[in-house]
């Protein structure tokens with residue numbers, strides 16, 4: 001039995017491997033944007049959108065590898081009822097950061113585990129992050145320095161890099177902010193005897 005991460009996210013794979021798990025990654029090839037837009041138009045809350053996307057990713061890979069344990073993850077950034085997607089370009093990133101500047105937003109990180117091609121466990125964690133007001137000059141410099149690194153980040157920041165300077169307060173688990181509720185996942189794997197405790 002192989003442990004598979006249904007994600008192309010290098011940070012999620014690194015988190016699992018750093019925790020001592022023998023895990024491989026497979027891209028689930030899910031049209032996240034179409035699903036997200038459909039769920040939003042149906043009035044689904046951000047928490048449910050993250051959970052649904054995580055499950056879809058896990059299911060997609062589990063269909064190809066039914067004998068393995070598959071971990072699906074997703075993260076949704078919400079500012080009130082507005083949900084943010086990964087920016088298409090630096091101008092879209094600038095616009096998103098302008099909206100987040102001086103505001104408190106939430107990150108919902110979901111993880112769903114499939115075993116024998118069936119969902120067996122799920123968890124959604126929440127974090128709140130408050131950005132201090134960002135000056136136009138700093139915003140321009142920040143994007144110029146960091147665009148290549150943050151272009152695939154839904155919030156246009158990485159807390160583990162210079163993005164930490166954008167914030168005045170953070171409430172929630174660090175791993176949740178990185179996009180994977182790692183501690184609950186490790187606890188579940190431990191109770192199932194899949195990892196030593």
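The values are calculated or read from the model by the stated rules, or taken from the named source; none is laboratory data. Bear in mind the structure is a predicted one, so any value in this text is a computation, not a measurement. In this analysis, Cβ positions are derived from the backbone assuming ideal geometry, glycine residues included, and neighbour counts consider all displayed protein chains.
Some points to look at:
- Just one of the listed residues (15, 97) is at pLDDT 95 or above, closer than 17 Å to residue 153 by Cα, under 14 Å from the mean Cα position of the chain (by Cα) and surrounded by 14 or more Cβ atoms within 10 Å (Cβ to Cβ), namely 15.
- Subset of the stretch 52-96 [within 18 Å of residue 163 (Cα to Cα) and in contact with a strand residue (DSSP E or B) (Cβ under 7 Å, 6 or more places away or on another chain)]: 75, 76, 77, 78, 79, 84, 96
Table: residues versus (1) surrounded by 21 or more Cβ atoms within 10 Å (Cβ to Cβ); (2) under 15 Å from residue 8 (Cα atoms); (3) modelled with pLDDT of 95 or more.
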| position | (1), (2), (3) |
| --- | --- |
| 34 | no, no, no |
| 37 | no, no, no |
| 48 | no, no, yes |
| 51 | yes, no, yes |
| 60 | no, yes, yes |
| 65 | no, no, yes |
| 71 | yes, yes, yes |
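- Taken together, the criteria place residue 78 among residues that are modelled with pLDDT of 95 or more and surrounded by fewer than 21 Cβ atoms within 10 Å (Cβ to Cβ).
- Elements of type strands (runs of 3 or more DSSP E) in the stretch 1-101, at least 3 residues being more than 22 Å from residue 188 (Cα to Cα): 69-79, 82-84
- Cβ pairs under 8 Å, 6+ apart, first in the stretch 63-79 and more than 30 Å from residue 99 (Cα to Cα), second at pLDDT 95 or above and surrounded by fewer than 16 Cβ atoms within 10 Å (Cβ to Cβ): 66/116; 67/116
- Filter pass, residue 23 being touching a helix residue (DSSP H, G or I) at 6+ places or on another chain (Cβ under 7 Å) and in contact (Cβ under 8 Å) with a residue 12 or more places away in the chain: yes
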